[in-house]
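See below for the structure under consideration.
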Amino acid sequence: MATLNLLVVVCILYVALLFAVAFAADRAARAGRITWLRSPIVYTLSLSIYCTAWTFYGAVGFAARSGLEYLTIYLGPTLVMIGWWWTLRKMVRIGRSQRITSIADMISSRYGKSNLLAVFVTLLAVIGTTPYIALQLQSVTLSVATFARNDLTTTVVPDRDSTALLVAVGLTLFTILFGTRNLDANERHHGVVMAIALEAVVKLFALLAVGAFVVWGMSDGISATLARIDASEIADWQVPGSRWVGLTMLAAAAFLCLPRMFQVMVVENEDERHLRTASWAFPAYVMLMSLFVVPIAAVGLDLLPSAANPDMFVLTLPLLAGQDGLAILSFLGGFSSATSMVIVAAIALSTMVSNHIVMPIWLYATGGSAMVSGDVRSVALRARRLSIAGVVVLGYLYFRVSGGGTALAAIGLVSFAGVAQFLPALMVGLFWRGATRAGALAGLLAGFVVWLYCLFLPSFGPSVVLPQTVLDHGLFGLSWLRPQALFGAAGLDGVVHAVMWSMLLNTTAFIIVSLLSFPRPIERLQGAQFVNVFQHSGTRGSWTGGLAQSEDLLIMSQRIIGARDAQAFFSAAARRQGIGGYLPEPSPDFLQGLERELSGSVGAATAHAMVSQIMGGATVSVEDLMAVADETAQIMEYSNRLEAKSEEQARTARQLREANQKLTQLSVQKDAFLSQVSHELRTPMTSIRAFSEILRDTEELSASDQAKYASIIHDETVRLTRLLDDLLMLSVLESGQVTLNNQHGSLSAMLDRAVAATGGTTEALRIHRDRSAEDIQLHTDLDRLAQVFINLITNARKYCDAQEPALSISVKNDNGTLIVDFIDNGSGIAMDHQDVIFEKFSRVGDLKASGAGLGLAICREIMARLGGTITYLPGQGGAAFRVTLPLEARLAAQ
Amino acid sequence: MSGEAGPVFLQRRTYRRRRLKDAARLLPFLGAILFSVPLLWQGTPEAPTRTSSVMLYLFVVWAGLAGLSAVISRHLDDDQDDDTHQGDPPERP
């Protein structure tokens, strides 16, 4: 008889072996010897955590109760695996390219990295998984109790609570030790994966051994066993179609959505090609796992007393036959199934809880500063460890509270139905870009509520959570709200009923809300990335580290921070790592430093994106890209502003230069004018003085001489007066104190007057006019306008240097504006003088002609007073002035 | 899907590979149908369908599916799986 003590010793040895294997695998992985850890067989075996203690013990119980129906639990995943080309390939590719850490992360990433969604999925996953963990604890305690009852050497039956507690503590320890080695949840847990691969082999071997023993040891071969099946209670094939199809679909959905399956299938996936092997090896594995279930059930039903728990047939049959070694092997198989499930589930859930619930709260509580990376790392690790403990404790509490009375299979299906609610959000999101965050939330919420009401709460039994009246007559007495006959759908199996309604309402709400809502930009980007993942991510490259990447990094850094600085930085880092040359190992410290260095030049987000593109092999996430876009936009805006500013400054500088040039020119002109004025004043003064002295001192002057000298003096004083008059008029005009005397008159008459006043058309200046155009009536200060014309004609007379000087006066009426051009045939005014001719004191060219340089300045002032302009018109073949005047009586001075 | 159609005739190897992909996509449907077949075996009250025969049938189908999947996935080579479900990229004959 197997003693309990022996069992405990074997169990402890086995656990020690698991620790050793995990430890060795972790060490090998860190030493870089991971080729064999990465084999597709290890991947396939790690998928076998789908087969929990529920499979190991429960399947036989399931079969003993309802025949072949238990097969649905494996047929569903088999269909998913052989259909890997549809979904799993896409999920794994997305998981790698987006660096997904859990199913909550996957769903939230798809819908624009919504943390609300992640929190919701996490909570749902915790609620759905807790009973399942309790189930594992229960199966271990049940099996220990079975052993104890069979042990004749002791009468002490171990307390079931303490057994469960012991197992829970051990599992927590193992998980924390090997599951939280490194922070990056995207990195592989080699130790854990190796341990569960070993456990997968043990449980398959154990079940096959028990099966073979039952068939060939306890029955007499295959045909005898088949005969025994035909003779048993489960001989008839009578599985209801709805349950057969419904449970198969449920199992398929759960296989995709269970957090622990997602963990090993997507997160721990080393290489997409492993899926190829798993696509046939996993179906083969579960087929072998379920091969002997019906024979064991049939033989157990036949040989064991009817009171025996069919869930424990795997254990009690070897014990009945006195095969202690086989019984212990069988126990180890069940123990392996239970522990591997709890370990992976705890890792998966703790990642979700710490990433989506604990860390956001911590960051919020500490002011949201994630800048001190060391700090955050330790907090995240602690959060994850606490979450692992929390998840296991939750399972233990559920186990204590529920009392472990329910049949194993029932809890399993309830849990399956809970996590299957992720399916619409997950699958539709992979294939339909129109799926939105609001839709996913609505669908999850609807499915969750229906599941809670129709399956989870009633699963505790009548009157435990839901009162019997609600079960019988529906909520608020509404019969169509009966939890197990929703909308009048009575007569269906409870699980099928709940799955049907929850999935139906879930999907409907999801699609309707998705159609009605409008996604945010990041949702749409993520949606496109997910749906078209095969177009975006070219390679399935793995995260191999090495010097090749360091070289790429060096090339990139040289471009950004310059060759000398980059080489200095790299060689310093290499020296710190004890390596010669320029290429250090791409260690996290080095990468962080490099990123900081680069971010000084290109911005943090850009630097991160660049380094991760070389190092990660992952595509840059949309958030990275958006941050890059933001930075770029900021830089562009800044440089735009700078450009605008510098343009403005250049404009100002140009204006200043022009002004300065003008001032300098004016100052030169003014000096010239002063000398001219003094000359102009001095010449008449000299004559006046000289002739007045002659008149005073000379006694015998003839009367004619006297008259002549007196008239010279008179002329000179007239000239002086005119000069002074001009200056006076200019100052009056400029100060704006002029009074205009507006009259009616014709332009033609005025031009006649001006031409006559300047001496008419003579040999010295021919004047060409177009009299037909001049017939325009004016209402303005005619005298002052005439003065402008006179000045212009006088100027032409004075300065036109042509052989046969000629002046043409052309008149135009341009939309109510009078335009009079005075164009002579001389050499015109040089470009550099054109700016200053209208300034006071300005005189153009040599000083052969008399004049103080006030004429044009006066003209400009007069025209300004009359509301018109006078400008120099370049490019007319001579000096050309244009006078414009509005014909309407709109006078500026009045 | 691109508006530009690929060549009408493909190399034999390429053609074979595409049909393998089709097979990989269809395999789960074949499995689902085969697994549902026993639902049609109602039997009669005197001679109900035996669990043992259904079990044998299911396991034979199961093993066959795993074998088929192994053959298909082995022959789908790595460098050609980067296209989408919707359309295969045009290839030069």
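Laboratory data are not the source of any read-out in this text; all were calculated from the coordinates shown. None of these values were measured; they are calculated from a predicted model. Positions of Cβ are backbone-derived with ideal geometry, glycine not excepted, and every protein chain shown enters the neighbour counts.
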A student applying the Cα gyration tensor rule (rounded when a/c is under 1.5; otherwise prolate if a/b is larger than b/c, oblate if not) would label the range A:659-742 oblate
For the protein assembly as shown, share of DSSP beta bridges that run antiparallel, in % to the nearest 5: 85 percent
If you line up the long axis of helix A:521-531 against the longest principal axis of chain A, both from Cα atoms, how many degrees apart are they, to the nearest 10? 50 degrees
How long is the gain from A:Leu701 to A:Arg651 if the chain were fully straight, where each residue apart is worth 0.36 nm and the alpha carbon distance is subtracted? 11.0 nm
May I ask you to derive the relative contact order of chain A, considering only C-alpha pairs under 8 Å and at least 6 residues apart, and to give it as an integer percent? 13 percent
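What is the local net charge at A:Val392, summed over the other residues whose Cβ is closer than 14 Å to its Cβ (Lys, Arg +1; Asp, Glu -1)?
Working: positive: A:Arg260, A:Arg384, A:Arg385, A:Arg400; negative: none.
Surrounding charge for A:Val392 is +4.
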Distance from a point 7 Å along Cα→Cβ of A:Phe460 to each backbone N in the range A:421-452: keep the residues under 20 Å and list them by number. A:448-452
If the range A:726-870 were replaced by its equivalent ellipsoid, with semi-axes equal to the square roots of 5 times the Cα gyration tensor eigenvalues, what would those be, largest first, whole Å? 23, 21, 13
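What's the local net charge at A:Leu466, with K and R +1, D and E -1, over the other residues with C-beta under 11 Å away? Numbers along the way, then the final one.
Numbers: positive: A:Arg482; negative: A:Asp472.
Once all neighbours under 11 Å are counted, the net charge is 0.
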Between A:Ile635 and A:Leu728, what FRET efficiency comes out of the Förster formula 1/(1 + (r/R0)^6) with R0 = 60 Å and r the beta carbon distance, rounded to 0.05? 0.45
Geometric extent, Cα atoms of the range A:5-97 - Rg, Dmax (angstrom): 18.2, 51
Could you please rank A:Phe838, A:Phe510, placing first whichever residue has the fewest other Cβ atoms within 10 Å of its Cβ? A:Phe838, A:Phe510
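By count of other Cβ within 10 Å, fewest leading, how are A:Leu45, A:Leu207, A:Leu751 ordered? Mind showing how you got there, number by number?
Details: A:Leu45 25, A:Leu207 28, A:Leu751 21.
Least to most surrounded, the residues fall as A:Leu751, A:Leu45, A:Leu207.
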The FRET efficiency for A:Tyr364 and A:Gln592, from their Cβ-Cβ distance with R0 = 35 Å and rounded to 0.05, is 0.90
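Under the √(5λ) rule applied to the eigenvalues of the Cα gyration tensor, what semi-axes describe the equivalent ellipsoid of the range A:634-704? Give them in Å, descending.
Values: eigenvalues 857, 8, 5 Å².
After diagonalising the Cα gyration tensor, the semi-axes are 65, 6, 5 Å.
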What distance in nm separates the two pseudo spin-label positions at A:Glu693 and B:Ser53, each 7 Å out from Cα along the beta-carbon direction? 15.8 nm
Yeah, the range A:1-158 with a ≥ b ≥ c from its alpha-carbon gyration tensor (a/c under 1.5 is rounded, else prolate when a/b outruns b/c, oblate otherwise) is prolate
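Is chain A best put as rounded, prolate or oblate by its Cα gyration tensor, with a ≥ b ≥ c the root eigenvalues, rounded for a/c under 1.5, and otherwise prolate when a/b is larger than b/c, oblate when not?
prolate
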Under 19 Å, Cα to Cα: Lys pairs in the protein assembly as shown, sequence gap 8 or more or different chains: 9
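How much of the DSSP beta bridge set in the range A:707-829 is antiparallel, as a percent to the nearest 5? Mind showing how you got there, number by number?
Details: 13 of 17 bridges.
In the range A:707-829, DSSP labels about 75 percent of beta bridges as antiparallel.
Translational D (Stokes-Einstein, µm²/s) of the range A:156-274 at 37 °C and 0.692 mPa s when Rh comes from the Kirkwood sum over C-alpha pairs?
Working: Rh = 19.0 Å.
Translational D for this selection: 173 µm²/s.
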Of the convex hull drawn through the C-alpha atoms of the range A:213-295, the volume per residue in Å³ is 138 Å³
Sort A:Glu643, A:Glu268 so that the residue with the fewest other Cβ atoms within 10 Å of its own Cβ comes first and the one with the most comes last. A:Glu643, A:Glu268
Stretched fully, the stretch from A:Val449 through A:Leu663 gains (0.36 nm per residue minus C-alpha distance, one decimal, in nm) 68.4 nm
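What net charge do the residues around A:Ile82 carry, taking every other residue with its C-beta under 13 Å from that of A:Ile82, with Lys and Arg at +1 and Asp and Glu at -1?
Surrounding charge for A:Ile82 is +3.
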